[in-house]
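This report refers to the structure that appears directly beneath it.
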Amino acid sequence: MCGIVGYVGDKPAVPILLEGLKRLEYRGYDSAGIAVLEDQGIILEKCAGKVSALENLLKGRNFQSTFGIAHTRWATHGEPTDLNAHPHMDCKKNIAVVHNGIIENYRSLREVLANKGHIFTSDTDTEVLAHLIEEYYEGDLVEAVRTALSQVEGTYGIAVVCKDNPEEIVAARHGSPLVIGRGQGENLVASDCSAIIRHTNQVVYLEDHEIASVTREGFSISTIDKVEVTPHVQEISWTLDQIEKGGFPYFMLKEIHEQPLTLQNAMRGRLNYDEGISRLNGLNLQYEELHHINRVILTACGTSWHAALIGEYLLEDFASIPVEVEYASEFRYRSPIIQDGTVVFVISQSGETADTLAAMKEAIRKGATVLGICNVVGSTIARETDGGVYIHAGPEIGVASTKAFTSQIMVLTLISLLLGRMRNLSLEKGREVIDALKKIPEQVESLLKNDSYIKEIAREYYKKNNFLYLGRGINYPVALEGALKLKEISYIHAEGYPAAEMKHGPIALIDENMPVVVIAIKDNVYEKVLSNIEEVKARNGRVIAIATEGDEEIARLVNHVIYIPRTLEQLSPLLNIIPLQLLAYHMAVLRDCNVDQPRNLAKSVTVE
Ligand code: G6P
């Protein structure tokens, strides 16, 4: 949600900033801007639209600057217009600020500043920061930023430059991630590592309430209360290849096709066949503590919340532990009851979603053991939880989550297996699960080969306006996720329902214009789902079924069947979601949508 990049070094800054912005565009892409220091002062260029629009604006211009900041925006306060794009400047045009987050008390700050004569040119909350820093600036930019931030309520990741301090970027963080990249004779600041990995793999993650002064030679970090901080430099293991499209037209398609590998990575080194159990050292819990768990709360947003719903079935089934799943945005406002033995898992691909962070903090405050399941190494959730499990899916760039979802399910399966084997799950069952898990990557690979058939189905339905997705049991969340994928990227209205609930409302919508995707694998509710399909057919609905390989009976009943290899019912979501991801992808492409950057969405929502 909004991308920040800053560069100070000996190379021309503009191409580096533009390239960084493009890599961050998945975070927000409704407007973009840049501020660089040239001989005549700070040059500010910004416009509504994607980074390519900014690039066009700068084309043919000759910039000398080796120092600057840039931003790609996802609007919160003020429409995505040229004026509202970042950077924002003070009255004297000496100071430029880019900001990610929300300044909650900006109205009162703006009023005070306006009364002092400051002139505002945008509708954004961010602009108050530029004027506030101007108000306190007396030659020391770090001090001015520090004092300004002490007046601010809300969240921020900011980068600030000042005409009088050439070659210093001041960065600060509270709630919105920022990372410093350490280069040789150059240093960078960014919202995340993807913007800087071309230049360095040495990074320092800023913590909340920290301010950094970044220059060409180095950087120093202190807290907002002026306590010096020793930077902890970490090495990023991602490569540039991993964040490029590798021949696929879209990141989303690349990421769908990576799933055989990412699922393998999620379980690599974590299975012990002899004992029929998994090994998850990152949980940081002793045997007694794991044994002591008597209740689990899973909290997350979006696709990660759907993974949590699947986790609920898995934990209850394998480990017989009572589980609650809660939207992170609701959890913190609910007075959650945390007792001895309650463990809270916060699930997040990015590890930075504001609502999930707030839920994490609430759970920590209430004294729960809080564990993270996330993808981005070094993210806030990874750092602030008691322990956790990385899903190791590699960078996910497409806004609609795909490979992170399946890897989250994989990790939840491993956690359920571990806790199950410490309770009543038999060795035999544990080994059966491991055997089935090992086949999953290959089975996903075989499903991906169905791509052209799924594209044909998409061609038949892409002009429809509504879709219904039905599933039962552990595949009900898969129906929700299938519907979410479709609406996110194709803007077709789609709803997911437990199949049996259809008769309590959605059935009223069914006619020949309502395609219904039904997950109807051979599980213990198969016959009942067939009855639901009959109900749809009786009302002329069109049915696309996800069914078990070899099931010919269903083929006679429905309009299209997508066959899924056999696996354990508990692992079936890992396979059933694959064709639904592909179906959503093809429909969106046929509708000419920008699959990787759907309108109004952002990959990482760092505002509440
Ligand atoms: C945004 C993204 C979704 C994602 C959700 C939670 O809404 O567009 O794809 O599922 O945030 O993100 P997280 O990083 O916490 O999993």
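Assuming R0 = 41 Å, can you tell me the calculated FRET efficiency for the pair Gln151 and Glu235, based on Cβ-Cβ distance, to the nearest 0.05? According to the calculation, E is roughly 0.65.
For the chain, a simple Cβ point-charge model (Lys and Arg +1, Asp and Glu -1, everything else neutral) yields a dipole of about 1120 debye relative to the Cα centre. Quote the FRET efficiency, to the nearest 0.05, computed for Lys449 versus Asp511 with a Förster distance R0 of 51 Å and r equal to the Cβ-Cβ distance. It comes out at approximately 0.90.
Taking every Cα-Cα distance in the chain and sorting them into 10 Å bins starting at zero, the pair-distance distribution P(r) comes out as 3, 17, 25, 24, 17, 10, 3, 0 percent.
Dipole of segment 543-606 computed with +1 at Lys/Arg Cβ and -1 at Asp/Glu Cβ about the Cα centre; of Ile564, Gly550, Asn594, farthest Cα towards the positive end is Asn594.
Treating the beta-carbon of each Lys and Arg as +1 and of each Asp and Glu as -1, no other charges, what is the dipole magnitude of segment 280-346 about its Cα centre, to the nearest 20 debye?
Working: 3 positive and 9 negative charges, 44 e Å.
Charge dipole of segment 280-346: 220 debye, to the nearest 20.
Annotation: extensible slack from Val112 through Arg566 equals 156.8 nm (criterion: 0.36 nm per residue apart, minus Cα-Cα distance). Listed by Cβ neighbour count within 10 Å, with the fewest neighbours leading, Trp238, Trp305 appear as Trp238, Trp305. Spin-label model, Ser335/Glu207: points 7 Å from Cα along the beta carbon direction are separated by 3.3 nm. Taking every DSSP helix (H) stretch of at least 4 residues in the chain, weighting each as -39,500 (n - 2.57) and dividing the sum by the residue count yields a mean residue ellipticity at 222 nm of -10500 deg cm²/dmol. Annotation for segment 252-308 versus segment 203-227: alpha-carbon center distance of 34 Å.
Using DSSP to call loops (not H, G, I, E or B), can you name the GluC sites (Glu not before Pro) in segment 205-239 whose Cβ has at most 12 other Cβ atoms within 10 angstrom?
In loop regions of segment 205-239 (DSSP not H, G, I, E or B), the sparsely surrounded GluC sites (Glu not before Pro) are Glu217.
Show me the trypsin sites (Lys or Arg not before Pro) within segment 229-318 that DSSP assigns to loop and that have at most 11 other Cβ atoms within 10 Å of their Cβ.
On the way: sites: Lys245, Lys254, Arg268, Arg270, Arg279, Arg295; in loops: Lys245, Arg268, Arg270, Arg279.
Qualifying residues, ordered by number: Arg268.
Seen against the Cα atoms of the chain and their longest principal axis, helix 354-365 is set at about 80 degrees.
Taking the Cα centre of segment 1-155 as the origin, how large is its charge dipole in debye, to the nearest 20, when only Lys and Arg (+1) and Asp and Glu (-1) carry charge on their Cβ atoms? Don't skip to the end; give the middle numbers.
On the way: 15 positive and 22 negative charges, 90 e Å.
My answer is approximately 440 debye.
Only alpha carbons enter this Debye calculation for segment 465-523, each as an equal point scatterer, and the log10 of I(q)/I(0) it gives at q = 0.21, 0.25, 0.27 Å⁻¹ is -0.75, -1.00, -1.12.
Note on Cys91 and Asp551: their simple-model spin labels are 7.0 nm apart, each label 7 Å out from Cα toward Cβ. Using bins of 5 Å that start at zero, the share of Cα-Cα pairs per bin across segment 505-590 amounts to 3, 14, 25, 23, 20, 12, 3, 0, in whole %.
Among the trypsin sites (Lys or Arg not before Pro) in segment 523-554, those located in a DSSP loop and surrounded by at most 15 other Cβ atoms within 10 Å of their own Cβ are Arg539. Between Arg423 and Asn465, the contour length at 0.36 nm per residue exceeds the Cα-Cα span by 10.3 nm.
Over the chain, what is the percentage of antiparallel beta bridges among all DSSP beta bridges, to the nearest 5? Numbers along the way, then the final one.
Details: 62 of 104 bridges.
Expressed as a percentage, antiparallel bridges in the chain total about 60.
With a 10 Å Cβ neighbour count serving as the proxy for reagent exposure, in which order, fewest first, do Ser329, Ser335 appear? Spell out each step's value before the answer.
Numbers: Ser329 18, Ser335 8.
Starting with the residue having the fewest Cβ neighbours, the order is Ser335, Ser329.
Using a 10 Å cut-off around each Cβ, can you sort Thr356, Thr121 from fewest to most neighbouring Cβ atoms?
Values: Thr356 31, Thr121 12.
With the sparsest Cβ surroundings first, the list reads Thr121, Thr356.
Taking 0.36 nm per residue of separation and subtracting the Cα-Cα distance, full extension of the segment from Arg539 to Lys439 would add 32.1 nm. Between the C-alpha center of segment 531-607 and that of segment 64-129 there is a gap of 44 Å. Considering only Ile196, Thr215, Pro260, and ranking their Cα positions along the charge dipole of the chain that arises from unit charges at the beta-carbon of Lys, Arg, Asp and Glu, the one farthest toward the positive end is Pro260.
Modelled spin labels at Arg591 and Asn559, positioned 7 Å past Cα toward Cβ, are 1.6 nm from each other.
Which of His292, Val370, Tyr461 sits farthest toward the positive end of the charge dipole of the chain, with +1 on the Cβ of Lys and Arg and -1 on the Cβ of Asp and Glu? Looking along the dipole axis, the top candidate is Tyr461.
FYI, it's all coordinate maths here, none of it is from the lab. These numbers come from a predicted model, not from an experiment. No Cβ is skipped: glycine too gets one built from the backbone with ideal geometry, and neighbour counts run over all protein chains shown.
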